[in-house]
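Shown next, in structure tokens, is the structure this report addresses.
The values are calculated or read from the model by the stated rules, or taken from the named source; none is laboratory data. This is a predicted model, so every value here is computed, not measured. Cβ atoms come from the backbone with ideal geometry, glycine included; neighbour counts cover every protein chain shown. Heavy atoms of the whole protein, side chains included, go into the accessibility calculation; ligands, DNA and RNA do not. Shrake-Rupley method; radii C 1.70, N 1.55, O 1.52, S 1.80 Å.
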Amino acid sequence: MKKIIISFILASVLTTSFCACHPAEKATNTSDSTLDVSTTTEAETDTTVKNETKTADSQNILKAYKDRLVENIYHYNDSRADELPTYALFDFDGDGTAELLVWDIRVASAAFRDIYVYRYNTVTGKADHIGTMVEFTGHSVITKARGGEGIVIAIRDAGPQDKITEYSLIDGRLAPSVLLARSDETSQEWSDKIVSSEYNGGVTLETSNTYDVIEKEFS
């Protein structure tokens, strides 16, 4: 009889111990689960805020660049409909925001035209003129610099004005650097260089005279 009573007491003790431990374990698991949900929510919120900021910045850049394109419309004295100038986008310094390149159309049949470069100003919300690439012609070649941060324009078939110039950004301003100018002394070097694949691949920038390029980039 004593053995039966002792067995009963031991069974009761073990059952009580198990029940006492089990709720604590469950509570711990619940606490961990709640912590995980809270952390995920904060991460998602942070991502949402960043996306909204990026969208707002893109819309501001889009508006600033559109305003600049409108300002550069050439008026042909009502002889033809006005249109946006030819333009392109290129990120000179690799900061993730492309600069705006606008071809000058001050004279419809001009042999030499300039290309204005604008950079978005985060303080004023406008596109600032930061420099001009000069004397671009229909026979010129535009290509990206080897390092990817800059543009090279090779002017050819223009006699003494033939030259290869690299444009890059230094302290927020467009800075030209002449790589090679054609002269009697450099004529052969010039001829070899200008027909090479490096400068004979045509225009590498996507150009347009409608809003599609900037809307594709910043919308």
For region 144-153, how many residues meet the condition of being at pLDDT below 85, among the small types (Gly, Ala, Ser) and in contact with a strand residue (DSSP E or B) (Cβ under 9 Å, 6 or more places away or on another chain)? 2
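Please go through region 184-208 and pick out each residue that is touching a residue at least 12 places away in the same chain (Cβ under 8 Å) and either open to solvent by 90 Å² or more (accessible area, probe 1.4 Å) or in contact with a helix residue (DSSP H, G or I) (Cβ under 9 Å, 6 or more places away or on another chain) (or both).
Listed by number, the residues that qualify are 199, 200, 206, 207, 208.
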Do we find that residue 213 is open to solvent by 50 Å² or more (accessible area, probe 1.4 Å) and either of a type in the set (D, E, K, R) or outside any strand (DSSP E or B) (or both) in this structure? no
Residue within region 164-175 that is open to solvent by 30 Å² or more (accessible area, probe 1.4 Å) and under 17 Å from residue 112 (Cα atoms) present: no
Of (1) out of contact with any helix residue (DSSP H, G or I) (no Cβ under 7 Å at 6 or more places or on another chain); (2) closer than 30 Å to residue 73 by Cβ; (3) assigned to a strand (DSSP E or B), residue 154 satisfies every one except (1)
Being over 25 Å from residue 194 (Cα atoms), in a strand (DSSP E or B), touching a residue at least 24 places away in the same chain (Cβ under 8 Å) and open to solvent by 30 Å² or more (accessible area, probe 1.4 Å) is the filter here, so list the residues in region 115-151 that pass it. 119, 120
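Do we have residue 89 as open to solvent by less than 60 Å² (accessible area, probe 1.4 Å) and either assigned to a helix (DSSP H, G or I) or modelled with pLDDT under 90 (or both) here?
No: the conditions fail for residue 89.
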Restricting region 161-176 to residues that are of a type in the set (S, T, N, Q) and under 15 Å from residue 136 (Cα atoms), which is modelled with the lowest pLDDT? 161
Considering region 49-80, residues that are in a loop (DSSP other than H, G, I, E, B) and open to solvent by 80 Å² or more (accessible area, probe 1.4 Å), and then whichever is modelled with the lowest pLDDT, we arrive at 79
